[in-house]
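The values are calculated or read from the model by the stated rules, or taken from the named source; none is laboratory data. If you're wondering where the values come from, they're calculated on a predicted model, not measured in any experiment. Note that each Cβ is placed from the backbone with ideal geometry, even for glycine, and that neighbours are counted across all protein chains shown.
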Amino acid sequence: MVRKRSVIPAKAGVRAVGRNQEMNSALLICTVALMLAAPAVADDFTFDASEFDKKTVEFSGYLEQKEEGLKMRSDSPGYKLAYPGETQRHHLLRNTTTLELSGKLNLDPVVVDMRAQAFHADDQLITTSDRGTVMEGGVRWSAGPGLTVDAGKRVQRWGKGYAWSPVGFIERPKDASDPQSSREGFVMASAEWTKSLDGPVSAVGLSGFVVPTDGSSLNKDFGVERDLNPAAKLYLLAWDTDIDFLWRGQGAKPQSFGFDFSRNITSALEVHGEWARFRDAPHNTVSAAGVTGQTESDATSWLLGLRYLTQNEVTWIVEYYRNGNGYDARELDDYYTFLDKALAGGAAPALADKARAVARSGYGRVNPGTDYVYAKASVSEPFGWVYGSAALTAMTSLEDRSWQLVPEVSYTGFNNVELRARAFVLHGASHTEFGEKPASRRIEVYARFFF
Amino acid sequence: MKATKLLALVALCLPLLASAVDGVELLKKVDRNLEPESYESYRKLINIEPNGAKKEFVIYSVKKGKDQVATLFLSPASDKGRSTLRQGDNMWLYIPNVGKPMRITSLQSVTGGVFNNADIMRLDYAVEYDVKSVEEKEGNYILDLKAKTGEVAYDRLVMTVDKKLVLPTEIVAYASSGMLMKTLYFKDIKDFGGGIKRPGTIETDSPLYKGYKSVMLYSGLKKKDFPDEVFTQGFMSRMEELRK
């Protein structure tokens with residue numbers, strides 16, 4: 001990712017960015033208008049499956065245009081960390097264009113595939129762009145229906161949690177505010193064996209992984225020590241319950257192990273959970289005075305959740321997440337106190353650098369606290385609005401009682417187009433997680449065109 | 001006199017008893033006439049809105065035995081690569097970007113519109129329903145079916161079966177409350193080859209979706225056997241490998 005400050009002079013930059021935003025907004029409006037005006041096609045009840053024969057080479061992807069309006073907390077440490085040296089702004093408009101391309105080469109029994117993403121984001125303060133990142137890509141050999149060998153950059157999605165996955169040992173963490181968003185993988189090699197059985201244990205699967213790190217560029221976000229980083233997963237479908245036992249060996253990250261489960265109690269109620277133990281997990285801290293430290297101790301994280309479909313078709317997802325290596329309210333208060341000093345006007349530049357390093361050491365995670373509750377109520381086709389859906393999501397940090405509320409609507413009625421609008425309302429006292437985020441309100445609208 | 005009356009009654013009932021239909025066998029025959037127990041097929045699902053606007057999905061489906069079904073979305077581009085899996089009452093949805101299979105329920109719909117997941121990943125009727133009664137009416141059998149468990153999507157079905165073809169022409173589905181949920185119309189008898197001759201089109205409407213209609217068109221339906229491992233979560237991302 002190339003993250004660069006705009007080279008356009010401040011005032012001209014604002015005008016140029018404004019023009020870009022107007023053009024992008026116009027593009028979005030025109031496209032939506034064209035879709036709305038699309039004539040209904042006459043009935044044509046014919047279907048020939050040969051039109052959908054498997055192709056050797058396939059391409060697909062999407063283009064997304066997102067517009068955001070943010071109400072900033074310009075005096076918050078979060079704002080000063082995100083926009084160092086910038087003047088205070090109360091409102092910010094941002095537009096982001098994202099292009100994702102996927103390609104696949106089917107050479108049975110071998111499949112070569114790649115998914116790459118590029119984006120360009122503009123707001124009145126910063127221009128951020130990425131000309132292309134391979135999110136996933138590699139070679140898979142299917143030796144049989146029950147055995148595959150794979151090598152490449154892959155996203156593993158371990159765990160049964162919706163908003164968080166404490167057992168996600170070999171993947172980048174999910175963003176609980178958008179758990180289904182696209183993530184980048186790690187370079188790895190894996191082999192997976194699956195077997196169906198008769199009896200109460202009806203399926204068993206065993207997967208082995210290596211996620212190599214070379215101490216420099218290879219999987220540097222995974223770890224900086226030179227290691228093979230082995231991992232394994234044992235999957236069972238037993239007594240109608242999905243169960244995984246997961247393990248990551250000692251390497252660039254500490255050894256960890258755990259399990260997850262998911263089961264439909266009734267046709268409308270599913271329960272799931274995860275439990276993870278991290279051996280000698282490092283815990284970086286900073287005092288209010290700016291003294292940094294690190295301790296290593298075993299940590300346990302777990303999650304318990306349910307998904308429930310009510311009679312009137314409302315799906316509830318509720319999860320409790322205990323982050324055993326998170327920061328408690330006192331530690332977060334010390335951190336924000338330090339940031340207040342380090343990022344205050346007139347503070348030594350070295351202190352600001354230290355503040356950024358401390359944020360990267362753990363405090364800057366999306367959810368750095370210890371105890372969270374997530375609740376989402378969503379309804380498909382509300383009030384007979386076919387292809388429409390509406391949802392309300394609440395997330396709270398129990399430790400400091402700060403919270404975030406996100407109402408949203410989406411629509412997929414136009415062929416190959418997804419429209420989504422969300423509003424974020426964040427609330428919390430000073431020195432709390434959601435009280436210190438850079439923006440207190442955010443509205444976002446996006447259109448995603450699939451091809 | 002009494003003996004004469006009794007004899008007359010027995011004489012009257014004998015032909016009826018001789019022609020009594022075994023409802024369970026009839027339902028099993030309907031199932032086999034619709035599809036082999038293990039098969040692959042391609043289906044186009046068309047959701048038609050009251051203003052005539054349409055949304056189409058193309059799905060590749062495989063089934064094995066009594067209760068294993070898997071589907072792969074081939075079109076539209078926004079849904080391509082999604083797959084679903086059913087093992088008895090358990091159902092999962094796999095979305096490529098989300099990655100891990102999520103449990104879904106039979107009454108939800110992965111496509112929107114009138115067809116729900118139970119319609120799209122249907123098991124044999126005889127697996128999910130008991131036959132309460134069979135009537136003969138105007139060249140048809142009328143089967144009254146009751147769900148075997150509370151997990152089945154529709155509590156009661158009234159199935160009209162063409163006597164000659166032993167294929168359904170109409171199925172009316174009710175909830176346990178007695179509420180009409182939808183009506184399925186089986187149309188356009190089509191020869192798929194391999195001895196499979198069945199309706200190529202299923203239309204459905206529902207009072208819950210006034211003015212909306214959904215249509216399911218069949219193509220490429222043929223008997224085919226698959227390894228059990230195809231019907232596991234680990235295979236959901238590899239469904240494309242089954243297509244030649």
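Any residue at all in the stretch A:254-262 that's at pLDDT below 95, more than 14 Å from chain B (Cβ to nearest Cβ) and crowded, with 18+ Cβ neighbours inside 10 Å?
Initially, the stretch A:254-262 is screened for residues at pLDDT below 95, giving A:254, A:262.
When the remaining residues are screened for being more than 14 Å from chain B (Cβ to nearest Cβ), the result is A:254.
Of the ones still in play, those that are also crowded, with 18+ Cβ neighbours inside 10 Å are A:254.
Yes; the residues of the stretch A:254-262 include at least one that is at pLDDT below 95, more than 14 Å from chain B (Cβ to nearest Cβ) and crowded, with 18+ Cβ neighbours inside 10 Å.
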It is to be established whether one or more residues within the stretch B:119-134 are at pLDDT below 90 and more than 10 Å from chain A (Cβ to nearest Cβ).
no
Inset, instruction - Return a yes/no flag: does the stretch A:125-135 have any residue that is within 16 Å of the chain's Cα centre (by Cα), surrounded by 21 or more Cβ atoms within 10 Å (Cβ to Cβ) and part of a strand (DSSP E or B). - result: no
query = Within the bounds of the stretch B:19-39, is there any residue that is at pLDDT below 90 and assigned to a helix (DSSP H, G or I)?
reply = yes
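Suppose we keep only residues that are β-branched (V, I, T) and assigned to a loop (DSSP other than H, G, I, E, B) within the stretch B:145-185. Which one would you say is surrounded by the fewest Cβ atoms within 10 Å (Cβ to Cβ)?
Taking the stretch B:145-185 and keeping what is β-branched (V, I, T), we get B:149, B:152, B:158, B:160-161, B:166, B:169, B:171-172, B:183.
If we keep only those that are assigned to a loop (DSSP other than H, G, I, E, B) as well, we get B:149, B:152, B:166.
Values: B:T149: 8, B:V152: 21, B:V166: 15.
Per the criteria, the residue is B:T149.
Can you say whether A:F59 is touching a residue at least 12 places away in the same chain (Cβ under 8 Å) and crowded, with 17+ Cβ neighbours inside 10 Å, as far as the supplied structure shows? Even if it seems obvious, please write down each step before you answer.
On the way: touching a residue at least 12 places away in the same chain (Cβ under 8 Å): yes; crowded, with 17+ Cβ neighbours inside 10 Å: no.
Judged against the criteria, A:F59 is not a match.
Table: residues versus (1) assigned to a loop (DSSP other than H, G, I, E, B); (2) within 14 Å of another protein chain (Cβ to nearest Cβ); (3) in contact (Cβ under 8 Å) with a residue 60 or more places away in the chain.
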| site | (1), (2), (3) |
| --- | --- |
| A:V149 | no, yes, no |
| A:G159 | yes, yes, yes |
| A:V167 | yes, yes, yes |
| A:K174 | yes, yes, no |
| A:S181 | yes, yes, no |
| A:K195 | no, yes, no |
| A:S202 | no, yes, no |
| A:F222 | yes, no, no |
* Could we say that A:D371 is surrounded by fewer than 18 Cβ atoms within 10 Å (Cβ to Cβ), away from chain B (no Cβ under 14 Å) and closer than 16 Å to A:N323 by Cβ here? -> yes
Those residues of the stretch A:143-158 which are of a type in the set (G, A, S), more than 19 Å from A:I170 (Cα to Cα) and crowded, with 18+ Cβ neighbours inside 10 Å amount to A:G146
Within the stretch A:275-328, residues being among the polar types (S, T, N, Q) and either within 14 Å of chain B (Cβ to nearest Cβ) or closer than 30 Å to A:S378 by Cβ (or both) number 6
Every listed condition ((1) within 11 Å of another protein chain (Cβ to nearest Cβ); (2) out of contact with any strand residue (DSSP E or B) (no Cβ under 6 Å at 6 or more places or on another chain)) holds for A:S217 save (1)
Requested in this report: Can you confirm whether the stretch A:63-81 contains a residue that is within 14 Å of another protein chain (Cβ to nearest Cβ) and modelled with pLDDT of 95 or more?
Outcome: yes
Among (1) assigned to a loop (DSSP other than H, G, I, E, B); (2) surrounded by 20 or more Cβ atoms within 10 Å (Cβ to Cβ), A:T87 falls short only on (2)
Of all strands (runs of 3 or more DSSP E) fully inside the stretch B:83-144, the set with 1 or more residues that are within 24 Å of B:I59 (Cα to Cα) is B:83-87, B:90-94, B:102-104
Checked the stretch A:420-440 for anything within 19 Å of the chain's Cα centre (by Cα) and crowded, with 20+ Cβ neighbours inside 10 Å; matches are A:F424, A:L426, A:E433, A:F434, A:K437, A:A439
Exactly one of A:D328, A:D333, A:D353, A:D340 is in contact (Cβ under 8 Å) with a residue 60 or more places away in the chain and surrounded by fewer than 14 Cβ atoms within 10 Å (Cβ to Cβ), and that residue is A:D328
Residues of the stretch A:350-397 being among the aliphatic types (A, V, I, L, M) and in a helix (DSSP H, G or I), in sequence order, are A:A350, A:L351, A:A352, A:A355, A:A357, A:V358, A:A359
Practice prompt. Determine whether A:L246 is crowded, with 16+ Cβ neighbours inside 10 Å, aliphatic (A, V, I, L, M), within 14 Å of chain B (Cβ to nearest Cβ) and within 24 Å of the chain's Cα centre (by Cα).
Written response: yes
Reported set for the stretch B:59-81 where residues are more than 10 Å from chain A (Cβ to nearest Cβ) and among the acidic types (D, E) is B:D67
Within the stretch B:205-218, the count of residues that are touching a strand residue (DSSP E or B) at 6+ places or on another chain (Cβ under 6 Å) and either among the aliphatic types (A, V, I, L, M) or modelled with pLDDT of 95 or more (or both) comes to 4
Here the qualifying pairs (Cβ atoms under 6 Å; residues six or more apart or on different chains; first in the stretch A:266-288 and farther than 26 Å from A:W158 by Cβ and in contact (Cβ under 8 Å) with a residue 60 or more places away in the chain; second surrounded by 17 or more Cβ atoms within 10 Å (Cβ to Cβ) and β-branched (V, I, T)) come out as A:V286/A:V358
- prompt: Does the stretch A:29-43 contain any residue that is within 14 Å of another protein chain (Cβ to nearest Cβ), at pLDDT 50 or above and within 19 Å of B:E56 (Cα to Cα)?
  reply: yes
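What number of residues in the stretch B:100-117 are in contact (Cβ under 8 Å) with a residue 24 or more places away in the chain and at the interface with chain A (Cβ under 7 Å from one of its Cβ atoms)? Quick ask: steps written out before the conclusion?
Looking only at the stretch B:100-117, we keep the residues that are in contact (Cβ under 8 Å) with a residue 24 or more places away in the chain, and these are B:101, B:106-107, B:110-117.
Those still in the list that are at the interface with chain A (Cβ under 7 Å from one of its Cβ atoms) too: B:106, B:112-113.
Number satisfying all stated conditions: 3.
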